[in-house]
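The next block holds one structure in the form of C-alpha cells; read it before the comments.
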Amino acid sequence: MRRRSLAILSTAAIAVLALAGCSSSDSSDADATATPSASAAADLCDAAADSGDAIDGVEVSGDFGSPAEVTFDAPLDVTDIQRKVITEGEGDPLTAGEYIDYAAVVYDADSGEQLGSEGYEEASSLPAPVAADNIFGMSLGCATPGTRVAFTVPSQTSSSDGTTTPNLVYVMDFLDTARTAAWGEEQEPQDGFPTVELADDGTPSVTIPDGFETPDTTELEQLKQGDGITVEDGDTVFVQYLGVQTSDGTEFDSSWSRGTPTSFATSGVIEGFTKALVGQKVGSQVLAVIPPSEGYGDSDSSDLQDETLVFVVDILGTMRAAS
C-alpha cells in the first residue's frame, strides 16, 4: 500500500499519543523512566489499557506481519484508549525504556476509512520508545515479540500547532525489540584515525592521536559493518552518536550522555555528518573526521566554528520519506 504523508503515522507523533487521564486506571503509578528490569516489566503490565465496548466492536483478520483487515460499524464511539490482544507472542516481555520495531495500520474511527500504514514495507518506520505513559506502553503493556494488538485513540489537539487528529483505530504488530547500539561486524582499524573504545553497553570513547592533522574534506572509518538496508539521501535515521572536538578531545554532544537514541533527517545535519550516514548500512558504526569547512565553519554563532570534529555514529534504523 502507498504510504500517505500523515503526521499521525510518524513515529514521533504516535509516541506522544498519551492523553492525560486516558490511560488505564493503574498507569498513573507507572515509572516511565525506569531502567529495564523486572519492576519495569511490571510497570508496563499495569500500564496496559483496559478493554471496552469500542474496541470490542472492532474485528481484525489477517496474518501477523502483514497489514491487518479491520472492520467495525462506523462511527465508533471512542472516548478513551481501549485495547485488546489479537495475537499473543512469545519470548521476553517488554520493559519500560526499551525500543521496539513495529508495524501498524490505522483507521478513522468516525468514517471507517483506512488512513494508512507503516512498518510493513522496508524503511517505512523507525524504532519507537516504550514507556508506561505513551501509546506503545498503553497498547502493548508487557507484551512479547509477535504480539498483535488493536486499540482506540480518541481525538486530540496538539498544544504546539493546534493540529487535531480524528478518533482512531490502530492494529499494531510488535515485531521485535530494537537494538540501541550498532551490531555489525567489527572492521580492522585504519592508521591515522582517532581510536575508539566501547563500554559494555556500547558507549564509545575517543582518543585523539598526538599530532593529528585536519583533513581537507570529511574522512570516514568503518568501525562496524552492518547488514541492514542502506541509508539514502533524504532518509530519517535512528542513531546513537558521540561528538568530540580534536583540539582537546572534549565531548560537545552525545546521545549516549542523554541516555537515549535520537532521530533526524540526513538533510538536517552538517555536511560531514550527512557523509557519515548516506550510503551506510543499518547496523554499522562509523567514525567521521569533519573539518570546519564541512562542519560549523559557516556558523558565526557556533563555538565549534573553527573546530575539526570527530563523530562516532551507530546507525540503528532508517526511514524513507513518505510518498
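Brief remarks follow.
- The chain: angle of helix 38-47 to the longest principal axis, Cα-based, in degrees nearest 10: 40 degrees
- Only the Cβ atoms of Lys and Arg (+1) and of Asp and Glu (-1) were treated as charged; on that basis the dipole of the stretch 87-236 about its Cα centre amounts to roughly 860 debye.
- Mean-position separation - Cα centroids, the stretch 44-96 and the stretch 141-210, in angstrom: 23 Å
- Rounded, prolate or oblate (a/c below 1.5 giving rounded, otherwise prolate when a/b exceeds b/c) for the chain by Cα gyration tensor: prolate
- If R0 is 56 Å, the Cβ-Cβ spacing of Ser61 and Gln187 corresponds to a FRET efficiency of close to 0.75.
- Top positive-direction residue, dipole computed over the chain with Cβ charges, set Trp183, Phe311, Gly295: Trp183
- Using 0.36 nm per residue and subtracting the Cα-Cα separation, the extra length available between Phe252 and Asp92 on full extension is 54.0 nm.
- Sorting the segments 309-316, 236-243 by their mean number of nearby beta carbons within 10 angstrom, highest to lowest, gives 309-316, 236-243.
Quick note: the coordinates plus some simple rules give every number you see, no bench work behind them. As the structure is a prediction and not an experimental result, all values here were calculated from the model. Ideal geometry is used to build each Cβ from the backbone, glycine not excepted, and the neighbour counts take in all protein chains shown.
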